[in-house]
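Okay, structure first, notes after.
Rule-based calculations on the coordinates, nothing more; no lab input. From a predicted model like this one, the values you see are computed outputs, not experimental measurements. So basically every Cβ, Gly included, is an ideal-geometry build from the backbone, and we count neighbours across all protein chains shown.
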């Protein structure tokens, strides 16, 4: 094991946050950029540069797992593909720390074959009589909230689960938090646009 791995294990939560902020700063571009939603922004964040980096993944797992434990969350996942590495990082760390947690991901389109599911992973509820688990939906970045709400809608329709928490790496502060609040969803953003500009 290298010295950087040993040092990472000894970091306090504040140090983890500071180190992650350093890594995130390198993933931000400013200037006129058109997003996949068609919306134009002057703040672009490429979350996969951190969530698919081994150190970044570990840092994200640490911070998100703290939020999961603080809120009594029992299941975590989100819309593929932005949520996938985040979900995995949280899940691996939860298992290592003995925190029981269910994981899932939500397809963008219903499968056209097999079970035609939108939600993949072990069942969130063993049967319909079981109470739904306290669930958080995750994504790398929040703009309008569309991806998070699509994941929420699939969870409600297919599993009878209504998430009350959304967790993101960065909130662009472009109205998404207000939209989620209108839908009864609490936002947990590790960072906001204002932390970098």
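Of note:
- Cα shape, the stretch 105-174, gyration tensor, a/c 1.5 rule: oblate
- Net length gained if the chain between residue 35 and residue 195 were fully extended (0.36 nm per residue, minus Cα distance): 55.5 nm
- Length released on extending from residue 125 to residue 11, taking residue separation times 0.36 nm less the Cα-Cα span: 37.5 nm
- Difference of contour (0.36 nm per residue) and Cα-Cα distance, residue 96 to residue 23: 23.9 nm
- Our helix-only sum for the chain, with -39,500 (n - 2.57) per DSSP H run of n ≥ 4 divided by its residues, gives a mean residue ellipticity at 222 nm of -11500 deg cm²/dmol.
- If R0 is taken as 22 Å, the Cβ-Cβ distance between residue 181 and residue 144 corresponds to a FRET efficiency of 0.95.
- Cα gyration tensor shape for the stretch 16-115, rounded if a/c is under 1.5, else prolate or oblate: oblate
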